[in-house]
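Quick notes on the structure that follows.
Since every read-out is calculated from the coordinates, none of them should be taken as a lab result. No experiment lies behind these values; they were computed from the predicted model shown. Here the Cβ is made from the backbone with ideal geometry for all residues, glycine too, and neighbour counts use every protein chain on show.
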Amino acid sequence: MKWLKIGTLLLLVLAAMRSGAWGLGWVLARLLPEKKTIVVAAANTLGLLAFILLLWWNLMPGEPIDWSAIVFGLVVFALCGVSDLFWTPWRTGRR
């Protein structure tokens with residue numbers, strides 16, 4: 001049962017990370033419609049920065065930053081950035 005809870009929480013965190021990056025990407029795609037690579041890179045970088053800010057904001061006084069969580073976020077947003085180059089929800093049907 002413990003692994004089910006951990007797996008569910010991991011999926012929820014990944015879903016929140018993707019939703020945030022896709023939301024930022026959708027806004028940026030409206031501002032820069034012909035620059036897909038820049039939009040993807042900016043959206044995932046801003047998503048990573050938002051994730052790091054959320055980690056920093058939730059720290060207790062004197063608590064060090066969790067570098068393994070930052071590395072996790074970096075890996076997730078890097079992999080998702082690569083996948084966004086091939087498909088994004090706001091670009092369906094258009095090239």
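A simple packing score, the average count of other Cβ atoms within 10 Å per residue, orders the peptides 39-46, 60-67 as 39-46, 60-67, with the highest score first.
Given the Cα-Cα distance of Glu34 and Trp56 and 0.36 nm per residue of separation, how much length would full extension add, in nm?
4.5 nm
The label-point distance for Ile65 and Val13, in a model that sets each label 7 Å from Cα toward Cβ, rounds to 1.7 nm.
Hydrodynamic analysis of the chain uses the Kirkwood radius over alpha carbon pairs. Inserted into Stokes-Einstein at 20 °C and 1.002 mPa s, it gives a translational diffusion coefficient of 148 µm²/s.
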